[in-house]
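Heads up: the structure comes next, in structure tokens.
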């Protein structure tokens, strides 16, 4: 079983995303996997869950030492996960049809292929098993660097961290270069009211 979780860590717990991840991991069965998805991420194909299922089945069938899987995206901190050059027009494109097309093309071209990450991953999508989580000591408390810290733990425990090139996720990450500075939302003053 793969559980998908878009975690939220409110201010009253100091945005402690690591605690929220750990609390969720406690709830799942011993043989289950959890896919943590950032709140500002969007899967670009309808087959994404099937891809994750097939990846987990392959890991089990071939007894692969993979403890953490992630996706590629349009923008993130780890250059290994970025599909486009950071300064390219494609990286600045927010057309969902464009990104769904990219997702479809990558799914067809790369399928389930995964490569071992050379650098610490950015946790836009983190698929991990409860077994790996328990063996590695779970997520650290806090907000910043929780993904990197977990990646380090996974590798120290003898697992690989892999990037799935066929799983493309659109990331809103700082896509707020439009009028309302710093809010994360575009200027919607020209939109008709909802009636």
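Looking across region 4-32 at every residue that is in a loop (DSSP other than H, G, I, E, B) and farther than 27 Å from residue 60 by Cα, the one that is farthest from the chain's Cα centre (by Cα) is identified as 14.
Test residue 40 against the stated conditions and say whether it is at pLDDT below 95, surrounded by fewer than 20 Cβ atoms within 10 Å (Cβ to Cβ) and within 21 Å of residue 147 (Cα to Cα). Yes, satisfied. The residues on offer are 118, 153, 130, and the sole one that is closer than 30 Å to residue 46 by Cβ and in contact with a helix residue (DSSP H, G or I) (Cβ under 7 Å, 6 or more places away or on another chain) is 130. Assess whether residue 150 counts as being surrounded by 15 or more Cβ atoms within 10 Å (Cβ to Cβ) and not in a helix (DSSP H, G or I). No, not satisfied.
Restricting region 78-107 to residues that are without any contact (Cβ under 8 Å) to a residue 40 or more places away in the chain and in contact with a strand residue (DSSP E or B) (Cβ under 8 Å, 6 or more places away or on another chain), which is surrounded by the most Cβ atoms within 10 Å (Cβ to Cβ)? The selected residue is 82.
The values are calculated or read from the model by the stated rules, or taken from the named source; none is laboratory data. The structure presented is a predicted model; accordingly, all values stated were derived computationally and were not measured. We place every Cβ from the backbone using ideal geometry, glycine too, and count neighbours over all the protein chains shown.
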